[in-house]
Amino acid sequence: MTVTTLAFESAVRRVDTALRGGDCPVVQLIGALGTGKSTVARASLNRLRRPGLPAIPLVDGVDGARQARAAWRLCRDVPATGPVLVAGRRPLTNYPEWTGTAITEIRLAPWSRADIAALAYGHAVRREPDLDRVLRLAGGLPVIAAAVCRQLRQGGDGLSDGTLAHAAATEILRRVRTEVPRRVPVAVPVLATVDGADDDLLRQLVAAPADSFDWLSELSIVRPDVHGLTVAEPYRTVLDLAHRWRHPVSRAALAARTSAYRSRQLAGVTEASLRGRLVSQILNLSATPRVRADLFVEPSGHVRVRDAGPSDADHVGRLIRRWADDEGLSRTRAERMAQLWLSGPVPGFRFLVDADDEPLGMVNISPLDPGLPVLDRLLQQHVDALPSDRGIVVGMMAMRPGAERLQPVLVHEILVAGLRTGRLVVSTPWLPYQRLCDRFGLRRLGGTRDDLYRCGRANVVLSRTFDADNLLGWLRRMQRDGPADRAARAVRDALVDVSSPGGLARSPLVAWTGAGSGAALAALLRSTISTLAESPEPVDAEAGRILAQYYLRAAGGHEIIAHRMHLSRATYFRRFRHGIERLTDLLLPSADR
C-alpha cells in the first residue's frame, strides 16, 4: 500500500500518475469532509479522458461502512479493465471487506492559501477584505470557502463572521448527515461550541438518544481527546461561530454548564495532560474577554504548533532577528542567546506554522533545568530562587509580519505547557509581555542584574506555580475582572466622552485621578495622550497616535485609521489595546495589576 499526502494541485498530478501507472487495481483519494475530493477526482479524470478509450470508473462518496461494502461489491463484479478511482473520508483498509486488496492511497491535505484564493476568485470574491475573511474562515477547506463566498455575494457588505459561518455550518451538517442517514446530528454543534464532552457531560447538555456518544465517535469530523470527544478544526470554530450567532443565549448557557462541570472534574484530576486540557476548555468558555483575547483567536485558520527541527535553522535565524527588531534588542545579543539555546540538549524552539508548514511565529520553551547554560543568562541572580524539580522557562516570542493576530496560539501553547509541568517562568525585557504575564497572575521576582540584550531595559523574571491547591482559585481570578480591568474600562468609557465635559463629570476617573471636574479630566486625557504619542518608545508612540486619531480628532473608524497608518488590522488593534493600557498606567499608576 502506497500512502501520499498532498494538497490540491499536487494531488491531481499524483492521481494522474497512479492511474496511468496501473500498479494497483484501486486508487483511493482520502480526505476529510469538504477537502475537495470530488473536485480533484473530476479534474484528474478529465485530464485522462481519451476518445475511444473506456472511462476510468469513479466511486465517490465512500464515507461509511455501508458505502464501503457497496464499493467493494462494485469493484469485485466489474471486469478488471484498468484501475478504479475511489474517493472517501476514511481509508478503505478500515473496512474488513477490503483486507488484502492492493490500494494506492492519496491523502488530500488542506488546500494552500493560494488554492483557496483561486477558488474565491472563481466565485467573484476579489475585494481584499472579503478575501481575507474567506481565507481566515476556510482553514484550508474548499467546502467552507465556497459557502462563505456564496454568502458574501448574496449578502453584500456588513455581514458578521457569524453570518458567514452559519452558511458554512449548514453545508457541513448537510454532508455529515450522509454518514448517519437516520440521525439528525443535533449534538454536533453542541459538541463544537463547548469544545469537547465526555458521555456524562453530553447527556447533560443535549436531549439526544442514549447512544449519541457512540455514533458521534464514528463521525469523520469528530476526534477523541483526553477529555472526551471534540470536533476537529476548522469545523469546530465554524460551527461554534454559527451557534453563537444563531443561539447566543443558549450558547452562553451551554458554556456556563460545561465550565461548571469541568471545574468540578478538575478538582480530582492528577494527570498532567488532562489537567491542561480541562483548564484550556474552562478558560475558553468562561474567562474574561481580555483573557480570552490573549489565549484564543477565532478563526485561526489551519495552523498548528510543532518543534523546530535541524532543517529549520534559517527560519530560527529570521525570527530571532524579527524578535530583536520588534523589541529593540541588540541583534548580536539576541543571536548569541539563540546559539546558547541551540547548543543545549533541549533547544526549545517551537514554530507556529500554516497549512504549507511555513513558520508564522516562534517561541522558546525550555525545561527549568539547572543544567541548561542558558538559564544562568535568562534568570541571573533569580536562578537559585526557583525550584528546579519541574517547570518551563520562556525566553522569547516573535511573530512574522502579517501574522501577529495569531500570537494567542503561541500564548496558549505556553500556558498549557506551564499547566502540564506545574510551573511557568518568563524572563523578558518587553513591557507588553510583562503586562501579559501580570494578567495571568505571574509573580514578579524582580529584574536581572544585567541588561541582557543591550536595550536599555533589564529582563523582568516572573513565575507562577500551578498545583491542586491553587489552580481553582487562579481560574476564578481569570473568570472575573480585577481592578486593572475596571480601571481600563473606565478609561475607555471616558475617552468616548472626551468632547463632552458633562458626560465626563459622571466618570469615576474624576475622583480616581483627582481631576475634580469633567472639563479638567478632558484636559488631562488630551495631555496624557499627547505625552504617550511623543514617547521615545516606538510602540508607545504609535499607540498614542492611534488614540489621538480615534478619540481626539475623530479621524475615522478603525479600518480607515489602520489603512492611513499602514498597519495590518491585527497590529492596529494590538497597538490600540496597548494604548489603552499605557494610558491607564499614566493616569492611574497605582492601579492593582
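Selection of region 344-385 for residues being modelled with pLDDT under 85 and within 18 Å of the chain's Cα centre (by Cα) yields Ala355, Asp356. One residue is enough: does region 452-462 have a residue meeting the conditions closer than 25 Å to Gly276 by Cα and modelled with pLDDT of 90 or more? Yes, some residue in region 452-462 is closer than 25 Å to Gly276 by Cα and modelled with pLDDT of 90 or more. A search for C-beta distances below 7 Å between a residue of region 163-178 that is closer than 15 Å to Gly88 by Cα and any residue that is modelled with pLDDT of 95 or more, counting only pairs 6+ apart in sequence or on different chains, returns nothing. Figure legend. Inter-residue proximity from region 300-311: first residues more than 10 Å from Leu352 (Cα to Cα) and open to solvent by 100 Å² or more (accessible area, probe 1.4 Å), second residues hydrophobic (A, V, I, L, M, F, W, C) and in a loop (DSSP other than H, G, I, E, B), beta-carbon distance below 8 Å, spacing 6+ or different chains. No pairs are indicated.
Among residues belonging to region 506-519 that are assigned to a loop (DSSP other than H, G, I, E, B) and under 41 Å from the mean Cα position of the chain (by Cα), point out the one that is surrounded by the most Cβ atoms within 10 Å (Cβ to Cβ).
Step one: filter region 506-519 for residues assigned to a loop (DSSP other than H, G, I, E, B), giving 506-508, 514-517.
Now narrow it down to the ones that are under 41 Å from the mean Cα position of the chain (by Cα): 506-508.
Working: Arg506: 13, Ser507: 22, Pro508: 13.
Filtering region 506-519 for residues that are assigned to a loop (DSSP other than H, G, I, E, B) and under 41 Å from the mean Cα position of the chain (by Cα), the one surrounded by the most Cβ atoms within 10 Å (Cβ to Cβ) comes out as Ser507.
Of the residues in region 70-81, none is at pLDDT below 90, among the hydroxyl-bearing types (Ser, Thr, Tyr) and open to solvent by less than 70 Å² (accessible area, probe 1.4 Å). Would you confirm whether or not region 576-583 contains a residue that is aromatic (Phe, Trp, Tyr) and open to solvent by less than 60 Å² (accessible area, probe 1.4 Å)? Within region 576-583, one or more residues are aromatic (Phe, Trp, Tyr) and open to solvent by less than 60 Å² (accessible area, probe 1.4 Å).
Given Gly446, Gly422, Gly418, which one is more than 25 Å from Asp325 (Cβ to Cβ), open to solvent by 20 Å² or more (accessible area, probe 1.4 Å) and of a type in the set (Gly, Ala, Ser)?
Details: Gly422 fails: open to solvent by 20 Å² or more (accessible area, probe 1.4 Å); Gly418 fails: open to solvent by 20 Å² or more (accessible area, probe 1.4 Å).
From the options Gly446, Gly422, Gly418, the qualifying one is Gly446.
Has region 540-552 got at least one residue that is crowded, with 19+ Cβ neighbours inside 10 Å, of a type in the set (Phe, Trp, Tyr) and under 19 Å from Tyr433 (Cα atoms)? No, region 540-552 has no match at all. Has region 249-257 got at least one residue that is in contact (Cβ under 8 Å) with a residue 40 or more places away in the chain, over 14 Å from His227 (Cβ atoms), surrounded by fewer than 18 Cβ atoms within 10 Å (Cβ to Cβ) and over 24 Å from the mean Cα position of the chain (by Cα)? For region 249-257, residues in contact (Cβ under 8 Å) with a residue 40 or more places away in the chain, over 14 Å from His227 (Cβ atoms), surrounded by fewer than 18 Cβ atoms within 10 Å (Cβ to Cβ) and over 24 Å from the mean Cα position of the chain (by Cα): absent. Evaluation of Ala522 against the conditions (1) at pLDDT 85 or above; (2) within 23 Å of Pro429 (Cβ to Cβ); (3) surrounded by 14 or more Cβ atoms within 10 Å (Cβ to Cβ) shows that the sole unmet condition is (2). When Pro508 is tested against (1) under 22 Å from Leu431 (Cβ atoms); (2) modelled with pLDDT of 85 or more, just one condition goes unmet, and that condition is (1). Cβ separations smaller than 9 Å between residues 6+ apart or across chains give the following pairs from region 314-337 residues that are in contact (Cβ under 8 Å) with a residue 24 or more places away in the chain and at positive phi to residues that are open to solvent by 50 Å² or more (accessible area, probe 1.4 Å) and charged (D, E, K, R): Gly328/Arg457; Gly328/Glu537. Between Arg264, Arg223, which is assigned to a helix (DSSP H, G or I) and open to solvent by 10 Å² or more (accessible area, probe 1.4 Å)? Criteria check complete, one pass: Arg264. Could you check, for region 349-369, whether at least one of its residues is of a type outside the set (Asp, Glu), open to solvent by less than 70 Å² (accessible area, probe 1.4 Å) and part of a helix (DSSP H, G or I)? Scanning region 349-369 turns up no residue that is of a type outside the set (Asp, Glu), open to solvent by less than 70 Å² (accessible area, probe 1.4 Å) and part of a helix (DSSP H, G or I).
The values are calculated or read from the model by the stated rules, or taken from the named source; none is laboratory data. Not measured: the values here are computed from a predicted model. So basically every Cβ, Gly included, is an ideal-geometry build from the backbone, and we count neighbours across all protein chains shown. When the accessible area is computed, the model is the full protein with side chains, heavy atoms only, and any ligands, DNA or RNA have been set aside. Shrake-Rupley method; radii C 1.70, N 1.55, O 1.52, S 1.80 Å.
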